[in-house]
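Here the structure is laid out as structure tokens; the discussion comes afterwards.
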Amino acid sequence: MSLPDRFTLVDELTRADHRWLISEDRCYFLGEYVAGRGFAYSSTNSLISNFKKSMSRQGRPEWKYKEDAIDTIATAFRRAVVPVPPEGHAFVPMPPSKAPGDPLYDDRLTRMLRVARPDDQAWNVSELLVQDESTVPAHEKPTGMRPRPREIAQRYRIEETRSTPEPTVIVIVDDVLTTGAHFAAAKLVLLSRFRRASIEGLFVARCAHDHDSQGSV
């Protein structure tokens, strides 16, 4: 199972699939997850399914598939993020739906980014954005009840102990780009604190919709 060697920019041809993105947003993805088709539909669907496997499955035989997915995605990021970003870049994992301390808290994005770094100094991985209260994952809510960016932004805060040195380029990292609401919310909060920073997004996959299927990741 592998992902492309380079990121693809969400452009005018694909932006319509992600309603909360605007033309100025610089968001990039590696693969495409087809909504509603399940893990068996494609290698990317399988990879995402394993990567998002619930923490409640830890210790069970299938847990190795999550660990394998973390390694696979880390390898893809290491290969695609070239050259090594200069000083001033910060890779910020999107906060998971569960807060730290929750038994289901899943730091898979942070773990993946730390595995992806070729050495301790190559990438600045910073959990700069924090969500203190657990919520129901957006993909588990009916489409019409999913939160808007400003609602999501109210749950986030800046972890000030990680804000020095102040980043000049913030790269928000997430697994699947669906509507873009979480990216828009994260960007809103980060720019309110780091007004001079440039914000970009890197995604393992974007959600592509199949007219014969329903649902989303």
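Structure notes:
- The trypsin sites (Lys or Arg not before Pro) found in the stretch 117-208 that occupy coil by DSSP, while having at most 13 further C-beta atoms within 10 Å, are Arg195, Arg196.
- Under the combined filter of DSSP loop state and at most 13 neighbouring Cβ atoms within 10 Å, the stretch 1-82 retains these GluC sites (Glu not before Pro): Glu12, Glu24, Glu62.
- Beyond 23 Å, the tail of the calculated P(r) for the stretch 1-94 holds 37 percent of the Cα pairs.
- The chain, helix-only ellipticity at 222 nm - DSSP H runs n ≥ 4, -39,500 (n - 2.57), divided by all residues, nearest 500: -7500 deg cm²/dmol
- Cα gyration tensor category, rounded, prolate or oblate, for the stretch 57-197 with a/c compared to 1.5: oblate
- Nonpolar atom fraction for the chain, defined as the carbon and sulfur part of the 1.4 Å probe accessible area, stands at 48 percent.
- A cut-off of 5 Å between modelled amide H atoms, ignoring neighbours fewer than 5 places along the same chain, links Gly31 with Ala205, Arg206.
- For Val125, the residues 5 or more places off, or on other chains, whose built amide H falls under 5 Å of its own are Phe91.
- Sparse-neighbourhood loop sites, chymotrypsin sites (Phe, Trp or Tyr not before Pro) in the stretch 70-107 - DSSP loop, at most 16 other Cβ within 10 angstrom: Tyr105
- Pairwise Lys count, the chain - Cα closer than 14 Å, eight or more residues apart or different chains: 6
The values are calculated or read from the model by the stated rules, or taken from the named source; none is laboratory data. Note that this is a predicted model, so its numbers are computed, not measured. Backbone-built Cβ (ideal geometry, glycine too); neighbour counts: all protein chains shown. Just so you know, the surface numbers come from the protein's heavy atoms only, side chains and all, with ligands and any DNA or RNA stripped out. Shrake-Rupley method; radii C 1.70, N 1.55, O 1.52, S 1.80 Å.
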